[in-house]
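S.K.: Let me give you the structure first, and then I'll get to my questions.
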Amino acid sequence: MTVLVTGGAGYIGSHTCVELLNAGFDVVVYDNFSNSTPESLKRVMQITSKKLSTVCGDVRDKALLEKTLEGCDAVIHFAGSKAVGESVEKPLEYYENNVYATLCLLQSMRRMNIKKLIFSSSATVYGNPEFLPFTEAHPLRTTNPYGQTKLVIEEMLRNLHVSDPTWSIAILRYFNPVGAHESGLIGENPQGIPNNLMPYIAQVAIGRRQCVNVFGNDYPTKDGTGVRDYLHVVDLASGHLKALAFLDRPQCTAVNLGTGKGYSVLDVIHAFSKACGKEIPYAILPRRAGDIAEFYSDPSFAKELLGWAAKYDLDKMCEDMWRFQCQNPKGYEE
Ligand code: NAD
Ligand code: UD1
């Protein structure tokens, strides 16, 4: 079976390519390298001792995409833009690269009669919690343009499936992916100052930044800092393989991929400190605009439907993240 992976050179895509190759799939990566480098794919091949095909292209380039789709059986669609803050400043660019690009992909897939798709959604579609843990039945409403693009795409996929029930679509709502492959060869490679907590902590630990800014310690949580459901990226990648098996049945289903456990910012700092064997200096700052106090998943539907559950704990996430950071102090640059 041949799988086309859009955005396959990125953080989650590269880890998923490793799992796909190890499971014996043929993999075609389609990426414009706007937020990645071909180096990650070289390393995927190094880890697996297997080859994948790479096409440097934009999802909006339907002619090239259709040519690339020839001979493929299914698509995993990671490509897109993902920074919440940037989406507030550049909403049109986010609608273009997320909503419009996905529309192009769907039109191309329909033309090529390929109707199996896994889409990367996000827990951000649940917005402020009405109840916790988030089940897939939680109302959908989001608080930022990035989240809005994910919601629009989800609706587009549900509409498409109603119009043609032979499509088989898995919408995966990721919680907070962190960590790296245990080889230390691939991991998250943020450009500039990291927005997310774990890569920021890793850069403090390696000495690239002075101290972690903790955004608020007056939330109604166990220690006052924000609580999230952190998930090892390798567990997340394996969730995509389980979802591929499920695509044998035509349907359109949204599934949470999380651990079901919430950890505070201070829990993460302490776990990372244990993993790297150093104190991690931190300072308490005011809350970050738009942040939610606490959210975590109910992962039971993923278990029931896909037979998937996360295996790795917070300590393993930090150990693997630290190994990648030590082996690649400046990301893939060196
Ligand atoms: P990433 O930026 O590392 O990977 C995205 C990849 O897509 C990059 O390689 C980039 O070059 C490529 N790309 C972007 N626009 C493209 C286009 N128009 N044509 C072709 N390639 C294009 O991001 P990631 O963290 O691996 O996230 C993958 C997906 O998962 C995204 O859709 C993101 O919104 C979603 N997601 C990520 C997180 C997270 O925390 N990382 C959480 C929830 C959902
Ligand atoms: C962010 C995105 C979300 C996306 C997710 C992917 C926002 C508002 N939301 O979520 O849409 O799906 O990333 O992982 O950006 N924190 C600090 N200091 C930092 C960075 C973060 O204290 O330097 C805190 C935050 O306040 C939060 C927690 O750490 O409580 C996690 O933050 P982050 O890693 O940015 O993830 P989310 O906010 O959950």
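The values are calculated or read from the model by the stated rules, or taken from the named source; none is laboratory data. No experiment lies behind these values; they were computed from the predicted model shown. Positions of Cβ are generated from backbone atoms using ideal geometry, with glycine treated the same way; all protein chains shown enter the neighbour counts. The area values use the complete protein model at the heavy-atom level, side chains included, leaving out ligands, DNA and RNA. Shrake-Rupley method; radii C 1.70, N 1.55, O 1.52, S 1.80 Å.
S.K.: Below 12 angstrom from the Cβ of residue 194, what's the summed charge of the other residues (Lys, Arg +1; Asp, Glu -1)? Let's see the in-between values first.
M.R.: Working: positive: 208, 209; negative: 188.
Taking every other residue near residue 194 into account, the sum is +1.
S.K.: Still on this model: Would you compute, from DSSP H runs of 4+ residues alone, the mean residue ellipticity of the chain at 222 nm, taking -39500 (n - 2.57) per run and dividing by the full residue count, rounded to the nearest 500?
M.R.: Working: 12 runs with 126 residues, N = 334.
Dividing the helical sum by the residues of the chain leaves -11500 deg cm²/dmol.
S.K.: For the range 100-141, count all C-alpha to C-alpha pairs, find those more than 16 Å apart, and express that count as a whole percent of the total.
M.R.: 52
S.K.: What is the helix-to-structure angle for 101-111, meaning the angle in degrees between its Cα long axis and the longest Cα principal axis of the chain, kept from 0 to 90 and rounded to the nearest 10?
M.R.: Roughly 30 degrees, rounded to the nearest 10.
S.K.: For the range 184-289, state the average projected area of the convex hull of the C-alpha atoms over all orientations, rounded to one decimal in nm².
M.R.: Over all viewing directions, the range 184-289 projects a mean Cα-hull area of 9.1 nm².
S.K.: Rounded to the nearest whole Å³, what is the per residue volume of the convex hull around the Cα atoms of the range 247-334?
M.R.: 184
S.K.: Can you bin every Cα-Cα distance in the chain into 10 Å intervals starting at zero and give me the percent of pairs per bin, rounded to whole numbers?
M.R.: P(r) for the chain, in whole percents per bin: 6, 26, 37, 24, 7, 0.
S.K.: Still on this structure: Just to be sure I follow: if Rg is taken over the C-alpha atoms of the range 153-192 and Rh is the Kirkwood radius over the same atoms, what is Rg/Rh?
M.R.: When Rh is taken as the Kirkwood radius, the ratio is 1.24.
S.K.: Rg and Dmax of the range 51-126, using alpha carbons, in Å: what are they?
M.R.: Spelled out, the Cα radius of gyration and Dmax of the range 51-126 are 13.5, 39 Å.
S.K.: Another question about this same structure. Which net charge results for the neighbourhood of residue 87, defined as the other residues with beta-carbon distances under 14 angstrom from its beta-carbon, given Lys and Arg at +1 and Asp and Glu at -1?
M.R.: Surrounding charge for residue 87 is -1.
S.K.: With a 1.4 Å probe and all protein chains left in place, how much accessible area per residue does the chain have, in Å²?
M.R.: On a per-residue basis, 42 Å².
S.K.: Straight distance only, please: which lysines reach the Cα of residue 50 with their own Cα at less than 18 Å, same-chain residues fewer than 8 apart left out?
M.R.: 42
S.K.: Continuing with the same structure: Going Cα to Cα from residue 316, which lysines come in below 16 Å? Please leave out same-chain ones fewer than 8 positions away.
M.R.: 261, 274
S.K.: Would you count, across the range 65-220, every pair of lysines whose alpha carbons are under 17 angstrom apart, provided the pair is eight or more residues apart or spans two chains?
M.R.: Total qualifying Lys-Lys pairs in the range 65-220 comes to 4.
S.K.: Hey, another quick one. Give me the one-decimal Kirkwood hydrodynamic radius in Å for the range 1-103, with the sum taken over alpha-carbon pairs.
M.R.: Hydrodynamic radius (Kirkwood, Cα only) of the range 1-103 equals 13.9 Å.
S.K.: First compute the accessible area of the chain with a 1.4 Å probe, then give the percent of it belonging to carbon and sulfur atoms.
M.R.: 50
S.K.: May I ask you to order 71-79, 116-124 by the average number of other C-beta atoms within 10 Å around their residues, highest value first?
M.R.: Ranking the peptides 71-79, 116-124 by packing returns 116-124, 71-79.
S.K.: Also, I was wondering about something else. Could you list which residues have their amide H under 5 Å from that of residue 54, counting only those 5 or more apart in sequence or on another chain, with H placed in the peptide plane?
M.R.: When sequence neighbours closer than 5 places are left aside, the close amide H contacts are 29.
S.K.: So for each of 243-253, 172-182 I average, over its residues, the number of other beta carbons within 10 Å; can you give me the resulting order with the highest mean first?
M.R.: Packing order, densest peptide first, comes out as 172-182, 243-253.
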